[in-house]
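Note sheet for the following structure.
Each reported figure results from applying straightforward, stated rules to the coordinates on display, with no laboratory input. All values reported here derive from a predicted model rather than from experimental measurement. Using ideal geometry, Cβ is built from the backbone for each residue, glycine included, and neighbour counts are taken over all protein chains shown.
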Ligand SMILES: [Zn+2]
């Protein structure tokens, strides 16, 4: 799940983002991983779209499309405050990746 306000600002197109995502997914699959779908918010700040993190619209969309998704068993891994707020709002475990690539701010929200 990714905020991509560069689309709203005309810095890149949805197709540009798709090319980047396809490259990423290809690498992940070659390494034995799997990602079912990439969600992105193409809107700019202040548009109140509901999908720009820290709003949880993208999580709700994912749960709608993949009903087996259980936020209480989900882990939000991100590098920003908005990622952590997103995870906390959705009731997920959050893991913040910092610049030195270590795991910190591990906040278990499971009961
Ligand atoms: Zn949005």
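In this rough spin-label picture, where each label sits 7 Å from Cα along the Cβ direction, the residue 63-residue 15 distance is 3.6 nm. Within the range 56-83, find all residues whose amide N lies under 20 Å from a label point positioned 7 Å from the Cα of residue 31 along Cα-to-beta-carbon. Zone members listed by number: 75-80.
Estimated from the Cβ-Cβ distance and a Förster radius of 22 angstrom, the FRET efficiency linking residue 72 and residue 8 is about 0.10.
Spin-label model, residue 22 to residue 49: label points 7 Å out along the Cα-to-beta-carbon direction sit 2.1 nm apart. With contacts taken as Cα pairs under 8 Å at a separation of at least 6 residues, the range 4-63 carries a relative contact order of 37 percent. The overall shape of the range 40-92, judged from the alpha-carbon gyration tensor, is oblate: a/c is not under 1.5, and a/b is no greater than b/c.
Cα convex hull, the chain: 124 Å³ per residue, rounded to a whole number.
Can you give the calculated 222 nm mean residue ellipticity of the chain, where each DSSP H run of n ≥ 4 adds -39,500 (n - 2.57) and the sum is split over every residue, rounded to the nearest 500 deg cm²/dmol?
Rounded to the nearest 500, it is -10500 deg cm²/dmol.
Using a cutoff of 8 angstrom between alpha carbon atoms and counting only pairs six or more residues apart, the relative contact order for the chain works out to 20 percent. Highest mean packing comes first when the peptides 25-32, 73-80 are listed by Cβ atoms within 10 Å, giving 73-80, 25-32.
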